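Nothing in this text is a laboratory measurement; each read-out follows from the coordinates by a stated rule. This structure is a prediction, so every number in the text was calculated from the model and none was measured. All Cβ positions, glycine included, derive from the backbone under ideal geometry; neighbour counts span all protein chains shown.
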């Protein structure tokens, strides 16, 4: 991802709208005995599109904004979301997205991981909360809801940040033409090298 001031502005808007939607809508609607968490889904989408640094910074900023708005323990949500964004970005830097199933499944796994990290940090910091086997059920449900939310969210985030994406700068037709031109140059260069021997 090529980060320009315009793209930073778009990322800030995505984060701000996501936090407002999470607090004002998603946290009020119970699903499967839990509430859907939009924030790790958005952070993972940005990490998958922008890489590890963009994902980690976005996750950290999103968590700080959330903690500031709801009055939570500062840094807890930041660390959980930063880990999810960073891991999504590292995955993207190592592998291509070859299937449309990869973003939802990876988002579900990283959303569950973020929920697990958040729960572990709140437990470590001594926040009084009941602990039971239902906590593992909550992590599983968060992952499942993350998969469902990723289906519409990932393409939407991709469309918003499309001008910054290096992979999307060329259409498939112009990519094929660029590949043909580069193979012709290599062939011509090898022929010139053989003629000079």
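What the table shows:
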| quantity | calculated |
| --- | --- |
| The range 1-145 shape via C-alpha gyration tensor axes, a/c threshold 1.5 | prolate |
| Additional length obtainable on full extension of the chain from residue 124 to residue 69, 0.36 nm per residue less Cα span | 17.6 nm |
| Pairwise FRET efficiency - residue 95 versus residue 3, Cβ, R0 = 25 Å, nearest 0.05 | 0.70 |
| Overall form of the range 36-75 per C-alpha gyration tensor (a/c, 1.5; a/b vs b/c) | oblate |
| Fully extended contour minus Cα-Cα distance, from residue 105 to residue 20, at 0.36 nm per residue | 28.1 nm |
| Rough spin-label spacing in nm, given labels placed 7 Å along Cα→Cβ, for residue 13 and residue 31 | 2.4 nm |
| Protection proxy ranking, peptides 17-29, 140-152, average beta carbon neighbours within 10 Å, highest first | 140-152, 17-29 |
| Gyration tensor verdict on the range 63-117 (Cα atoms; rounded if a/c is under 1.5, prolate if a/b is larger than b/c, oblate otherwise) | prolate |
